[in-house]
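Laboratory data are not the source of any read-out in this text; all were calculated from the coordinates shown. Not measured: the values here are computed from a predicted model. Glycine gets a Cβ as well: all are built from the backbone with ideal geometry, and neighbour counts include every protein chain shown.
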Amino acid sequence: MAGPLIAVQDVTKVFRMGDVEVRALRGVSLEIATGEFVAIRGPSGSGKSTLMNILGCLDRPTTGRYLLDGRDVAPLDRDALARIRNRMLGFVFQSFNLLNRTSAIENVELPLLYAGLGRTERRRRAAEALERVGLGDRLDHTPNRLSGGQQQRVAIARALVSQPKVILADEPTGNLDSRTSVEVMALFQELGRSGITIVLVTHEPDVATFVGRVIVVRDGHIASDRRQVPARADPSTLPAEDAG
Amino acid sequence: MNQLETLRVAIRALLRNKLRSFLTTLGMIFGVGAVVATVAIGEGARSAVEEAFASMGTNLLVVLPGSSVTGGARGGFGSQPTLTWDDLRAIRSEVPSARYAVPYLRSSSQVLSEEQNWTTQVAGTEPDYFEVRSWPMALGTRFTDSDVDTGTKVVVLGGTVADKLFGPNSNPVGQTVRIRNIPFQVVAVAARKGQTPTGQDSDDVVFIPRTTFQGKIQGGLGKFLQGTIFISATNAATAEREVTDLLRDRHRIGGPSEDDFQIRNLAEVASAQEESSRTVTLFLAIVAAVSLLVGGIGIMNIMLVSVTERTREIGTRIAVGARGRDILRQFLGEAVVLSVAGGLLGITAGVVTARWLTAAFHWPVAFRWDVMILAVVFSGAVGVLFGLYPARKASRLDPIEALRYE
């Protein structure tokens, strides 16, 4: 596919809160190529979450275009956006958002359920995804029997399972201790090396060192956009994770 | 996502909260259970009454002679013979809706076998009486019209009398019994009919030809028929009107004067009974509707709580690709599964309760499958009706808000 995977062109987003208009994005343009590992940073209220929601097809821009894999998604309706989220995007959340009292494998199967895949195919692919994040031996564990880091890895497996083009992670290390954070970043780096595009939002400077490109958003604009050589995430250099 | 998959997701979600799901269905269980049990008991009572009336004979009219008035004191019906044998003949020839019209004369008398005696009702009648009462023979053959013509000394025993005189399970056909010291040959034993709706034993009676009765048991009164006339009608109401007109005409009763006879229409009594049981059924239906409504509100309440509680789950599902209608179907599915499960469990509870009542108190019960199917269909409808609002609410959540919900 020619052209960038993600192309945001002069996007604005205006929220209406009663009589007050809040301009969360005031003309943002950016391009992300396939295989890039990008962090979006910025203070709270900067518009980085709004930008993330638009990238994730959870929200639509007020004006401007958003081309995902060459296709303008701005005019699509809710159902069409659901389909794009299902087929092309994977989500990782700060608080994992796993279904409780539900086994790891069933959690990972969830996107495939909405893709309309058969039961055996779902099982097989979900097991593969869990294998890939190193939880091949925890398929039937429910979230309350997994540590925070393991829960987030289940969530990453869920994001991976539908073989998306892009994984969008919103503060994925926000609820994890520093060692586990590094473990999760190591996993992201590994996925990045296999060609998956990853965009994450973070406010932690440490985490941002592990990515190849940092975009800073401030007051609804892109304040800076620079590439860097990522630090290698190596959890073995850190003290062991607390049990539990 | 197909329907089956949706259902599976719904069931799995409900099983995640087993106790709550069960408590939610309790309203439906009690509602449906109460309906099934009460309908079974009501139907059991009704069919018992119906059976009793059917045993009396269908479309049965009884014509009773009139009352005497002596110095202002009015006797009861039958205190004065007003019906004549000519009246009977006239009914037979002039009332087409009367299929059979038979005289029934009776007297209390002691009946003796070789070893036992028993005081019972001796009835003088004609063979058609057994047609009127739909009364088959258990043993032997009933007496015939020629027995009536010649005044033969033969007798048909009621089941109770046969037991009392010859012992249970005996065959007295061919034996001799004595009534008023006159020997009668037993030709048949009538099948058992059990109790009448008023609690009398239908089988405590013996039948002899009415001519024999007139000649040997009770001296005749010439032209008067000292007893009652049983009529089996094709249409009870028509026959009642026609017989009334005929007898008033024959007895020269004109204008406002009272009838000197009475006609009892047993079909009317039966239909009045049925009418009252229909009223009871209607009330049951109202109670059922109210209890299903209450059950439905319970389900809606819990579903609303569930939607709020699972806001993040809904947000996650939407984020990973669930469409609004997938969410709608899931929550609607949960409500319907709850209500239908409640309906099915309610039926089980109702059946168990009714069976227990039968076992413990010997109440007759009759299960109505149509009521049960209706109960399940209604439960499903309640689930859809009361599940729709919470499900719509869930399906319209904004995923961004939902994901952030604490």
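A few notes on this one:
- Placing +1 on the Cβ of every Lys and Arg and -1 on the Cβ of every Asp and Glu, with nothing else charged, gives the protein assembly as shown a dipole about its Cα centre of roughly 1640 debye.
- Against the rule of thumb 2.2 N^0.38 Å, how large the Cα Rg of the range B:83-259 comes out: 1.10
- Rounded to 5, percent antiparallel among DSSP beta bridges of the range B:83-259: 75
- Neighbour-count order for B:Val206, B:Val290, fewest beta carbons within 10 angstrom listed first: B:Val290, B:Val206
- Extent of chain B along its three principal axes (Cα atoms, max minus min coordinate, largest first): 105, 57, 38 Å.
- Charge dipole of chain A (Cα centre as origin; +1 on each Lys and Arg Cβ, -1 on each Asp and Glu Cβ, all else neutral): 520 debye, rounded to the nearest 20.
- For the pair B:Arg325 and B:Glu406, the difference between a 0.36 nm per residue extended length and the Cα-Cα distance amounts to 26.7 nm.
- GNM result for chain A, Cα springs below 10 Å: residue of A:Val20, A:Val216, A:Val11 fluctuating most strongly: A:Val20
- 18 Å tail of the calculated P(r), the range B:339-400, as % of Cα pairs: 54
- Note that the range B:305-317 has calculated 3J(HN,Hα) couplings of 4, 4, 4, 5, 5, 9, 3, 5, 4, 5, x, 4, 4 Hz, one per residue in order, obtained from phi through the Karplus relation 6.51 cos²θ - 1.76 cosθ + 1.60 (θ = phi - 60°); glycine and proline are x.
- Amide H partners (placed H, <5 Å) of B:Val111, local residues excluded: B:Trp118, B:Thr119, B:Thr120
- Other residues within the sphere of radius under 13 Å centred on the Cβ of B:Ser277, judged by their own Cβ, net out at -1 (K and R +1, D and E -1).
- Pair-distance distribution of the protein assembly as shown: all C-alpha pairs, bin width 10 Å, starting at 0; shares per bin in whole percent are 3, 12, 16, 13, 9, 7, 7, 7, 7, 8, 7, 4, 1, 0.
- Beta bridges per DSSP with both ends in the protein assembly as shown, % antiparallel, nearest 5: 70
- Projected onto its three principal axes, the C-alpha set of the range B:245-295 covers 66, 19, 12 Å, listed from the longest axis down.
- Ranked for footprinting exposure by Cβ neighbours inside 10 Å, fewest first, B:Lys223, B:Lys216 give B:Lys223, B:Lys216.
- Förster radius 56 Å - calculated FRET efficiency between B:Leu374 and A:Glu204, Cβ distance, rounded to 0.05: 0.35
- Close amide H partners of B:Phe184, meaning residues 5 or more places away or on another chain with modelled amide H under 5 Å apart, are B:Val177, B:Arg178, B:Ile179.
- Working note: Debye formula, equal point scatterers on the alpha-carbon atoms of the range A:31-74, no solvent; log10 I(q)/I(0) at q = 0.28, 0.32, 0.33 Å⁻¹ is -1.16, -1.22, -1.23.
- Nonlocal amide H pairs with A:Val22, under 5 Å, H built at 1.01 Å: A:Phe15, A:Arg16, A:Met17
- Karplus-derived 3J(HN,Hα) values for the range B:32-46, using 6.51 cos²θ - 1.76 cosθ + 1.60 with θ = phi - 60°, are 5, x, 4, 5, 4, 5, 5, 5, 4, 5, x, 5, x, 5, 5 Hz; glycine and proline are entered as x.
- Using only side-chain charges placed at the Cβ, +1 for Lys and Arg and -1 for Asp and Glu, the dipole size of chain B relative to its Cα centre rounds to 1600 debye.
- Pairs of Lys residues in the protein assembly as shown are counted when their Cα atoms are under 30 angstrom apart and they lie 8 or more places apart or on different chains; the count is 13.
- Translational diffusion of the range A:100-243, µm² s⁻¹ [Kirkwood Rh, Cα pairs; Stokes-Einstein; 10 °C; 1.306 mPa s]: 98
- Neighbour counting of Cβ atoms within 10 Å sorts the residues B:Tyr389, B:Tyr129, fewest neighbours leading, into B:Tyr389, B:Tyr129.
- Percent of Cα pairs exceeding the 25 Å cut-off, where the set is the range B:253-367: 57
- Computed over the range A:1-143, the P(r) tail beyond 24 angstrom holds 45 percent of alpha carbon pairs.
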